[in-house]
Amino acid sequence: MTPPIILLDESQEESVERVGPFAIVNNYPYYRYRLLGRDDAWARHPSALGGAFQLIAESGDFEKLDAIVDEAMKSAVSLENGGITWYYPEVYPLARMRGPKLQYSALSQSSLLAAAMRMEADDPEKYGQFLEQTARGLEFDYHKGGVLWQDSVFLEMPLFHSPPEIILNGWIHALLNYGDYVATFPSAENRRIFDNNIKYLVELLPSFDDPEHNISLYSNATPLRLKLDSGSEALRADFESLDDNFPDYFMDIEELELPSVNGEVKAASYDTQIREFKKGNPVITVTCNRLYNTKISSEKPFEAQYYRAVFDRKRATPNNNKETIVLRSQKAGNRHEIVINAETDGVFCGYGTNFAKPGGKNLYHAYHVVGLAYLATHSFVSEQQREILLEYVRKWDEYTSFHVGEGRVFYPYDQLLMSMNGRKLVKSSLDWEELRAKTIDAD
């Protein structure tokens, strides 16, 4: 099997085969991934794999495509529902990927689906089964390790030691590609899944709106670090759903066995766990999720301390001002608990898209505007759903104008539309100004 990371110096980069931004080594596409901390590091990446499949298919070099697909299948994972996927290797130092379980992503899987549709269009007999398996991978149940939650939400990065976090741009990305699949290869089952996703996207959009800071939220969950006093024993987290469509979750709060990521062991801040002990007292992490009451309980009365979270437009998670807030447990049955939710003082449940990309740009807010406008044109979106989607497109476009007036910078809408359209099977014939006229500026 190909290694997860390779190192290529400048001379090697010049000699290795390239397809677009990908380096082809031993018939496997690698993607330069600077977050690994080295400019010469190239990694296996499921989304990049889909991009390479598509570029090679579009070039018409099917001999090369066959060789790369054959090599990629050696690291594919078969799923219970007949699907296949590619997990992220344990080399990515991202906060959501440091936990004990391997993950795959609805965003990456939908990029693979877009590539599989392009491949099937060229040779249905050869790639028809590959397409079906890739689609099943996107449709695999979250509770079995997949990325489809309650048949209703595609999860960009599923959490397995906390309630699922919904990352909005990943959900939109998956729906744009899955929408092409449903329109081109319709069935009662895939139409049901698409309709469910659109239904809950429309219903949950208000939870991604932050009018106080004039911004859309990146996701609906934020990690919280709590220091508990010595009274806490037999700790448990009960996540009580605030929406009948989504289940409650219960888990003991304990230390997790963590993998080594690039030779370093670090905990995932989005996992419910004991991170460390300070003077014998547990320090834990939980998430504040807009769809849940987070209930932390113990057999004995206890206190929990945390720092007040402060909004920072250049961070992916809140800053803190070192002001300590103390929550005291209340009696609940035969246990003692504290409850954390969106109304809790000094806590964020979901956090705004930030201006932290190169040049101080905001990518994801702009992606939300363009992606929702694009999705609103899908023929399977009802008129009532379209109006709600466009309500938020217009509102968030106004937020963009506000920030531009303050001197802040976003990724250009027209470039984002070109990027979205580039690898879709069913491409919009509209440029951004035409799409804007049909959506944001329409009467």
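The values are calculated or read from the model by the stated rules, or taken from the named source; none is laboratory data. This one's a predicted model, so the numbers in the text were calculated from it and none came from an experiment. Because the Cβ atoms are built from the backbone with ideal geometry, glycine has one as well, and the counts that use them run over all protein chains shown.
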### All positions within segment 304-347 that are under 26 Å from the mean Cα position of the chain (by Cα) and exposed (fewer than 14 other Cβ atoms within 10 Å of the Cβ)
Lys314, Asn319, Glu343
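Name the one entry in Lys361, Lys427 that is of a type in the set (Lys, Arg), surrounded by fewer than 18 Cβ atoms within 10 Å (Cβ to Cβ), more than 21 Å from Asp180 (Cα to Cα) and not assigned by TED's automatic domain parsing to the domain that holds Thr317.
On the way: Lys427 fails: more than 21 Å from Asp180 (Cα to Cα).
On inspection, the qualifying residue turns out to be Lys361.
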### Message
Suppose the filter is surrounded by fewer than 20 Cβ atoms within 10 Å (Cβ to Cβ), in a strand (DSSP E or B) and of a type in the set (Val, Ile, Thr); does Ile284 pass it?
### Response
no
### Message
List the residue pairs whose Cβ atoms are under 9 Å apart, where the first residue sits in segment 373-388 and is in contact (Cβ under 8 Å) with a residue 60 or more places away in the chain and closer than 13 Å to Asn421 by Cβ, the second is β-branched (Val, Ile, Thr) and assigned to a helix (DSSP H, G or I), and the two are 6 or more positions apart or on different chains.
### Response
Ala373/Val393; Tyr374/Ile172; Leu375/Ile172; Leu375/Ile198
### Query
If a residue has to be touching a Lys or Arg at 6+ places or on another chain (Cβ under 8 Å) and not β-branched (Val, Ile, Thr) to count, how many in segment 162-204 make the cut?
4
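Restricting the search to segment 407-417, which residues are touching a residue at least 12 places away in the same chain (Cβ under 8 Å) and either closer than 19 Å to Gln54 by Cα or not basic (Lys, Arg) (or both)? Before the answer, list the steps.
Just the residues of segment 407-417 that are touching a residue at least 12 places away in the same chain (Cβ under 8 Å), to begin with: 408-414, 416-417.
Selection gives Val409, Phe410, Tyr411, Pro412, Tyr413, Asp414, Leu416, Leu417.
Of all residues being acidic (Asp, Glu) and assigned to a loop (DSSP other than H, G, I, E, B) in segment 139-195, which is surrounded by the fewest Cβ atoms within 10 Å (Cβ to Cβ)? Just the residue, please.
The first filter runs over segment 139-195 and keeps only residues acidic (Asp, Glu), leaving 139, 141, 151, 156, 165, 180, 189, 195.
From what's left, assigned to a loop (DSSP other than H, G, I, E, B): 139, 151, 156, 165.
Numbers: Glu139: 24, Asp151: 16, Glu156: 24, Glu165: 24.
Looking at the filtered set, the residue picked out is Asp151.
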### Test for Leu435: is it out of contact with any Pro (no Cβ under 8 Å at 6 or more places or on another chain), more than 24 Å from Asp195 (Cβ to Cβ), surrounded by 12 or more Cβ atoms within 10 Å (Cβ to Cβ) and not β-branched (Val, Ile, Thr)
no
### Message
For segment 78-127, give me the residue count where each residue is more than 17 Å from Leu175 (Cα to Cα), touching a residue at least 40 places away in the same chain (Cβ under 8 Å) and assigned to a loop (DSSP other than H, G, I, E, B).
### Response
20
